[in-house]
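Student: Structure in structure tokens, see below.
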Amino acid sequence: MNKNPSFCHTKLFWLFLSFLTLSWGYAQNDKLKSLEIPKTPPLGYESILTAELNDALMPGAAYEVGFWIFGKQLQDESYSYPITVFPSNGGDISNEGISDIVESVQPSPKLEVNPPPNYATRGHFTFIVRPDKPYDYLTIALKNTDTKASPINFKKDIKVIGVFSKPLPNRAMEKVVPPKDAGTIIPDTPVKIAERTLIDSFERYSVSEKNVQLGLYDHRRIDNDIVTVYLNGKIAVEQVALKRKKQFFKLNLQPGENIITLHAENLGDVAPNTSAILIKTKTEEFMAVLESDLGQSSYFTLIYEK
């Protein structure tokens, strides 16, 4: 029997990915069809996956594009690559003007993978695409300008799943994309809660009601995750075991910004601890996906406007 912890972690990781891929195939209705061979990217990029859109991205509208990306964990080496999304048509992918039509919700999005026992890496990423012409395909790529050989095989060791694209409604309560300089924690937010470093997910939502419902459920698989939720630095929901079925709790918001933090009480069977958080009012519903581990807790901002 192999008792090597790294071997066990790696085996569990890839078994988890296989399960997760099947789960998304059945649960994600807006999941896009992936091409067998990704489109060739511009020089300095590595294509990971190309998805064929169900409906073309059209000029004059904005679209939310999201996906999960995972990298194989190495025994004693870290790696990091910036993530880019390329809209395209039947021809080649072009890098020209891409920054004018594609904007990341998370500042400086990167795939960052560290060796065991550190699991503090983001898995889910979201981009906003404002097309300048119709596009039929989306390619998720990693920027690779290293002159030395990469420690991973981009075709085999990187997995992208759950790709979706949906138009953003033209509503006042739509999710706010953070400004370019949004890299610091807001002044009223502590740097730590319960000895955990706080990480801004840069998810921001606006509501017009003081009393809202907060729903919790396990976003990936049921693996015994236990979480505590903080509202503005104080415990709002304590020691909840995440399940497939949503569990709802009442929150009373203060005027202006409210910070909702996910605190992982454990790592479950597969790290990190990932939870879907629903915010429901009488007329609105928003969802944020937060990831936390035993060293850091992620949070999002809920703005109550009277």
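Student: Per 10 Å bin from zero, what fraction in whole % of the C-alpha pairs of the range 45-162 is there, up to the bin with the longest pair?
Tutor: Using 10 Å bins, I get a P(r) of 12, 45, 31, 11, 1 for the range 45-162.
Student: Please list 49-58, 81-90 highest first by mean number of surrounding beta-carbon atoms within 10 Å per residue.
Tutor: 81-90, 49-58
Student: Hey, another quick one. Suppose we keep just the alpha-carbon trace of the range 229-306; what are its Rg and Dmax in angstrom?
Tutor: 12.8, 42
Student: Over the range 61-101, give the accessible area per residue in Å² for a 1.4 Å probe, as an integer.
Tutor: For the range 61-101, the solvent-accessible area averages 42 Å² per residue.
The values are calculated or read from the model by the stated rules, or taken from the named source; none is laboratory data. Please read these numbers as outputs of a predicted model, since none were measured by experiment. In this analysis, Cβ positions are derived from the backbone assuming ideal geometry, glycine residues included, and neighbour counts consider all displayed protein chains. The area values use the complete protein model at the heavy-atom level, side chains included, leaving out ligands, DNA and RNA. Shrake-Rupley method; radii C 1.70, N 1.55, O 1.52, S 1.80 Å.
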